[in-house]
Each structure stands twice: as C-alpha cells, then as structure tokens.
1. Measure out, as a whole number of angstrom, how far apart the alpha-carbon centroids of the range A:110-177 and the range A:569-607 sit.
2. Once phi is turned into ³J(HN,Hα) by the Karplus curve 6.51 cos²θ - 1.76 cosθ + 1.60 with θ = phi - 60°, what whole-Hz value does each residue of the range B:87-93 show in order, with x for glycine and proline?
3. Given a Förster distance of 56 Å, report the FRET efficiency between A:V403 and B:E66 from their Cβ-Cβ distance, rounded to the nearest 0.05.
4. Where does each of B:V83, A:V134, A:V487, A:V96 land when they are ranked from fewest to most other beta-carbon atoms within 10 angstrom?
5. For A:W583, A:W237, what's the fewest-to-most ordering of other Cβ within 10 Å of each Cβ?
6. Using only Cα atoms and rounding to the nearest 10 degrees, what angle (0 to 90) does helix A:570-580 make with the longest principal axis of chain A?
7. Can you give me the Cα centroid spacing of the range A:357-399 and the range A:52-88 in angstrom?
8. Where a Cα-Cα gap under 21 Å defines reach, which lysines qualify for A:K413, not counting those fewer than 8 residues away within the same chain?
Amino acid sequence: MSTAVSRIAMVGNPNCGKTALFNRLTGSRQKVANYAGVTVERKSGRMTTVAGREFDVLDLPGAYSLAAASPDEAITASICAGTHASEAAPDVIVCVVDATNLRLHLRFVLEVARLGRPMIVALNMMDAARRRGVEIDSTRLAAELGVPVIETVAVHREGAAALIAHLDGTPPAPPTLRADHDDIHTAARVIMDATVRLTNPGPTLEDRIDAWTLHPVAGPAILAVLMFLIFQAVFSWAVPLMDAIDAGVNLVGGTVASLLPVHSALHSLVTDGIVAGVGGVLVFLPQILILFLFILMLEESGYLPRAAFLLDRLMFKVGLTGRAFIPLLSSFACAIPGIMATRSMADSRDRLATILVAPLMTCSARLPVYTLLIAAFIPHRTVLDLFNLQGIVLFGLYIFGIVGAMAVAFVMKHVRRDSSDHALLMELPAYRMPNPRDIALGLWQRARIFLKRVGGIIFTVTVLLWFLASFPQPPAGATGPAIEYSVVGFIGHYLHYLLAPLGFNWQICVALVPGMAAREVAVSALGTVYSMSGNPAGISHQLGTLIGQQWALGTALSLLAWYVFAPQCISTLAVMRRETNSWRVVIIALVYLFGLAYLASLATYQIAAALGAG
Amino acid sequence: MTICCIGSTSSARYRLRCKWFSIDYPPVQLTELPKNRPARVATIRDEREGDPIAQRLRDLGFIAGERICIVARAPFGGDPLLVRIGGTRFALRRVEAARITVEPDIPEF
C-alpha cells in the first residue's frame with residue numbers, strides 16, 4: 001500500500017450505528033439518533049491510529065440495498081460503486097452491522113462483498129445483542145464471509161479499539177466469498193444458521209412497550225399528551241431562566257451605556273440597537289433549549305418512528321405519508337434540517353409534498369415572535385387549575401400551522417391526482433434509553449448555533465437597521481421622532497399601504513423586512529424601531545409591555561397569523577432550491593405561503609375589528 | 001386425530017391432522033393474518049412488471065420461508081400494519097402487505 005492517506009467508507013443498513021462509530025473513530029460530533037435516516041449526506045473526518053497511520057473516514061447514509069430507492073441511498077450506492085461525481089471509490093469499506101438485527105443486515109454485507117473491494121465487517125451493538133440473548137460466533141462469521149469481522153460497541157469509549165487496531169495491521173484484502181452462495185437470501189440464511197444462536201426467544205422489552213404505545217386507543221392518547229406536555233413545558237419552565245437572562249442583558253447594557261456620552265450616536269447604537277435588539281432575542285434561548293431537550297429525547301428513544309406509524313393513515317389521507325412525520329417534527333426545530341431529512345423518503349411525490357409544507361411547521365425561530373405577542377396580549381391565567389392559558393394559545397398556534405400544512409397537502413394531492421401506490425416500508429428500531437451525554441452535547445450544539453445567529457446575522461441586521469433608522473437625519477424644524485424621516489421610516493410607511501388592511505402599523509412593516517433574514521430578527525427590529533421612536537431605552541423586556549399598550553388585540557392576533565404562514569426565512573427557500581433543484585418549487589412555495597399569510601392575517605384582523613378588537 | 005381451529009378474523013377454518021397425513025393450509029394474504037399469529041412467508045407478488053415495491057420487500061428480507069408475524073395494527077382502520085420478520089419490525093401499508101401471502105403456523109396441541 002502506498003504512503004498516501006487511505007480512504008475508509010462506513011456503510012451499512014440504516015440505524016446500525018455508523019455515525020456513532022464514525023464519531024468514535026474521528027472524534028467528530030455528528031448527529032446520532034434512534035431512527036432510520038439520520039445521516040442523509042456524506043460526512044468526512046480524519047482519524048489517526050495508535051501507530052500513527054492516517055485515514056480519511058467517510059460516513060455514508062444508511063442503505064438497505066445497493067439498488068438505491070431514495071436520494072440518500074443513491075449517494076451510498078454511487079460511492080461504493082466508484083461512480084460518484086466528486087468522491088473517489090474508498091480503499092477500504094467498513095460495513096457496519098447491528099448485531100441485534102443481523103438477519104436483515106447480513107444481506108447488505110453480502111451485497112457489498114460482491115463489489116469485491118477490500119472490506120471489514122464491524123459487528124456493532126454487541127453489548128445489546130448479548131443482553132438479548134443473541135450469541136454470535138464472530139470467528140465462524142468471518143470464515144463464512146471471507147472478511148475480517150470485528151466486534152464493536154460504538155457508544156462505549158473503548159468500543160472501537162479493536163477496529164482501530166485492525167486498521168493498523170495488514171491492509172484488508174478483497175472478500176473471498178464461498179462459491180456456493182449464489183443467491184444472497186439463501187446465503188444469508190445458511191450463514192445465520194451456522195453462526196447465530198438465540199438463547200432467549202421470549203417477548204422482548206419492545207413488544208411490551210409497543211403493546212401500549214401502538215395500542216389503537218392508548219397509542220394516540222399517549223402521543224397527544226406527550227406533544228401537549230412539551231408545549232406546556234416550553235412556556236412554563238422557561239420563565240425564571242428568561243427573567244435571569246433579561247436582567248443580565250440590561251445590567252451589561254446599562255453598564256456599557258453609562259460609560260458613553262448620553263446623547264451620542266454610539267450611546268444610541270448600544271442601547272437602542274444592540275441591547276434592545278439583540279438582547280430581545282437572547283432571552284428566548286431557554287425556550288429553544290427546552291424544546292430541543294424534548295425533541296432530542298424523542299429522537300434518541302426510538303419513539304418517533306412509532307408516532308409515524310400511528311399517524312400514517314391520517315397523513316396519507318391528506319396527501320402525505322407517515323414517513324413525513326420525522327422531517328416535519330424536525331421542522332419544529334428548524335425547517336432546514338427538516339427539509340434535508342426528506343432525503344430518506346423514497347417516493348419523490350411524497351418528498352416534494354413534505355418539502356412544500358415543512359415551512360408551515362412552527363420552527364423555533366418563531367418562538368420569540370409568538371412568545372413576545374402572547375405574553376403581551378394573552379392574560380397569564382390558569383385554566384382548569386392545570387393548564388397555563390398562554391401555553392394553550394401557543395399550542396393552538398402550532399396546531400394552526402399543522403392544520404394549514406394538512407390542508408395544503410390535501411389540495412396538492414388533488415391537483416396532482418395520481419393513483420399509483422405510495423410505499424411506506426418503514427423500519428421501527430428498538431427502544432433505547434437516551435444517553436445523557438448525547439443529549440447534553442446536542443443541547444450545547446443548539447445553544448451554540450443560536451448564539452452564533454444572535455451574534456452574527458441578528459447582530460448585523462440590528463446594527464444595519466439602526467443605521468438605516470438614524471439616517472438621513474431629520475430636516476431642521478422637524479417635529480416627530482428622527483426615525484420617521486429615515487430610510488426605515490420611508491420603507492415602513494410605503495409598505496404600510498399594502499399591509500394596513502391586516503392591521504399592521506408601520507413599525508411592524510419595518511420589522512418584517514429584516515425579518516426575512518431570520519424570523520427572530522423581527523423581534524430585535526421591533527425593539528430597535530420602538531426604542532428609536534422615543535420610547536424608553538434598553539427595552540429588551542419592556543417591548544412586550546409597550547406593544548401591549550400601543551397595539552390593538554386585532555393587530556397582535558393578525559401578526560401571529562402572519563407568522564404561522566409567511567416564509568420569513570431566506571435560508572429555507574435556499575435549501576428548498578438546493579434539495580429540489582428547481583426554482584419552480586421555490587416560487588410555488590413563496591407565492592402560496594405569502595398568499596396564505598396575507599389571507600389569514602386579513603381574516604383575523606377584520607374579524608377581530610368587527611368584534612371590536614381592532 | 002385432532003381437529004385444530006386456526007380461525008382468522010373473518011371465518012374460522014379447520015384442518016385435519018393425524019399421524020399419517022396432513023393437509024397443507026392454503027396461503028392467505030398477510031393482511032388477513034390475525035395479530036400475533038406466527039406464519040411463514042409464501043410468496044411476494046409483483047403488482048406489475050418490475051414492481052419496485054415488491055422488489056423492495058424482497059430486499060428487506062420478505063422472502064419465501066421467513067418467519068413473519070403481525071405485531072400491531074394502526075388506529076383508524078388498521079392501516080398500516082406492524083410486521084415482525086426475522087427480528088426486524090417494519091410498518092407496511094395494506095397495499096404493500098397485500099403483495100405478500102403467508103402460511104400460518106399450525107398451533108400445537
């Protein structure tokens with residue numbers, strides 16, 4: 001073998017632990033979870049063995065077969081075959097196998113072996129297999145397959161040591177499959193019989209849990225309670241933490257501002273721009289983390305595919321598929337990973353429908369907007385001695401988005417009018433106790449992403465908005481606040497003509513424009529605009545009180561309705577374009593989402609006004 | 001000689017068995033198999049030439065002779081089905097499951 005860096009590709013069935021093993025080998029922190037299709041694109045990393053040899057490691061999406069059925073499988077198939085456009089064929093294939101699911105995974109091993117490339121089988125989750133009474137004779141397995149078989153436990157610190165040691169040794173040779181295995185299925189059966197012994201064939205833990213979670217009555221009830229609890233928690237647990245952040249931001253802002261001359265532009269930039277704007281978004285970090293805590297635990301536990309199973313019929317009726325459940329649930333965090341997760345969907349029609357409705361799922365960037373408005377307009381009351389009224393309204397907004405998505409999918413289904421079969425064919429994984437370390441890591445990553453957004457795009461847009469709101473300076477003898485004469489004032493008043501029927505004032509119109517960069521920016525922009533319109537400086541939490549006094553209830557409800565639908569996020573549109581490779585899809589999404597937003601807001605405001613809340 | 005009741009949800013069927021002969025039970029569609037009744041896969045039928053769903057089923061291990069069992073039926077009309085085959089659980093819609101015929105195991109008495 002040459003001294004050049006060898007390339008290793010990790011392949012295997014979905015959810016067998018490829019990414020966990022990849023993280024173990026390369027020290028990466030790629031996302032792992034407990035459902036098929038977490039990894040939908042190739043990820044690369046570098047590893048150095050104990051002996052100092054270097055490898056480029058490629059983590060590939062899981063595949064059931066090299067005859068690819070979905071876009072993510074196609075990536076794996078083309079790289080293994082050496083036909084991928086930008087990635088050369090790997091020098092060594094590490095085929096990862098879930099020891100508890102060997103019967104299924106062995107077929108893929110045999111398929112990969114037939115490619116004739118040097119390979120190693122990593123027999124992963126050996127600990128779980130032993131616990132379940134599955135005994136595997138790995139020496140015999142290696143002999144049958146004609147390739148090295150290494151036992152691994154990717155979730156343990158030393159679980160990949162044997163694999164690393166093996167890579168340090170002699171380079172693996174192409175497999176020497178036994179000749180009498182012509183048909184893959186027969187071969188798999190023969191090998192299974194020769195190498196695996198089940199010592200505990202009784203009902204598994206999964207069967208006992210599934211009896212409840214998949215029960216025709218108890219199952220949907222458990223799902224509904226779970227979802228409702230999450231939204232209650234997001235609203236009620238976060239309050240003390242949000243108050244603490246708010247106090248901290250005002251303290252820092254006040255201290256910095258006190259060092260600057262009072263009526264200078266710099267003082268205004270710090271108090272009106274940065275504290276009012278950026279600080280106003282920062283307080284929502286606890287809510288976002290609580291939401292992610294729940295999503296991560298659900299992802300790790302293996303419950304999500306069960307929910308997809310329960311909801312498949314309902315989703316199919318409206319023109320989606322149960323498989324869309326996981327991408328759509330990820331869209332509650334952010335539509336971008338949600339849209340990317342649709343790569344694991346084999347049916348291109350189902351995939352397109354899911355991509356088009358994903359932006360209707362309430363992403364975490366909407367939370368600041370919703371929370372601000374709900375806290376300002378909905379009384380803090382307990383309903384039925386148990387539920388927080390604000391939490392119920394928030395839950396209602398999520399439901400509104402979901403119902404909207406179902407309606408849109410339903411219309412699309414009827415426009416499309418095709419009658420061929422849509423396949424589900426979804427694997428349900430074993431349950432797993434969420435690993436606290438993985439959860440903590442996932443939360444830390446989300447917090448970093450959020451803080452980066454706050455410090456990056458939200459900060460930049462806020463500062464930019466401050467400049468546009470400060471210049472040009474008002475003419476001599478002007479009476480109103482300076483912002484009325486600035487670029488921002490001009491844009492706001494111009495847009496106001498279009499949006500006045502929705503009950504929006506010009507300050508809201510201003511906030512919506514930078515809000516296209518990221519939804520939370522609307523909150524920071526409102527903070528800046530109000531702060532510069534002569535209201536008390538440093539208003540990160542007073543913003544709510546202020547709009548509570550100045551806006552009609554109808555205006556607030558109308559803005560909430562707008563945010564349920566409006567595609568206020570350029571990144572989402574860009575990802576749609578990349579994933580569908582079509583501007584047409586983006587334009588359809590843009591037109592229908594803005595159209596629905598306008599109609600929903602118009603109806604909300606006009607009804608509210610007619611009832612006397614305008 | 002024993003008479004075994006191996007009834008399905010729609011109609012009870014009986015089968016004669018004695019030590020000299022046995023009559024093979026006719027395969028039924030997977031969708032007709034009662035919950036938790038062990039069976040073996042008999043055939044996978046192509047709906048049309050090169051049916052991708054049938055091909056996928058074979059890739060996933062739905063092949064003649066494999067042990068199969070319905071673990072659960074979804075709410076709202078029993079579609080999809082949760083099927084266990086060779087230790088793996090798959091959710092299949094009824095249209096997919098209709099491509100599969102199975103031979104139910106005879107309960108031992």
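Where a number appears in this text, it was derived from the coordinates with a stated rule and is not lab data. Since the structure is predicted, the reported quantities are computational estimates derived from the model, not experimental observations. Positions of Cβ are generated from backbone atoms using ideal geometry, with glycine treated the same way; all protein chains shown enter the neighbour counts.
1. Here the two parts' Cα centres lie 48 Å apart.
2. Karplus values, whole Hz, x for Gly and Pro: x, 10, 9, 10, 8, 10, 6.
3. Working: r = 41 Å, r/R0 = 0.74.
According to the calculation, E is roughly 0.85.
4. Values: B:V83 23, A:V134 20, A:V487 16, A:V96 31.
Listed from fewest to most nearby Cβ atoms, that is A:V487, A:V134, B:V83, A:V96.
5. Starting with the residue having the fewest Cβ neighbours, the order is A:W583, A:W237.
6. 30
7. Their Cα centres are 43 Å away from one another.
8. Correct list for A:K413: A:K317.
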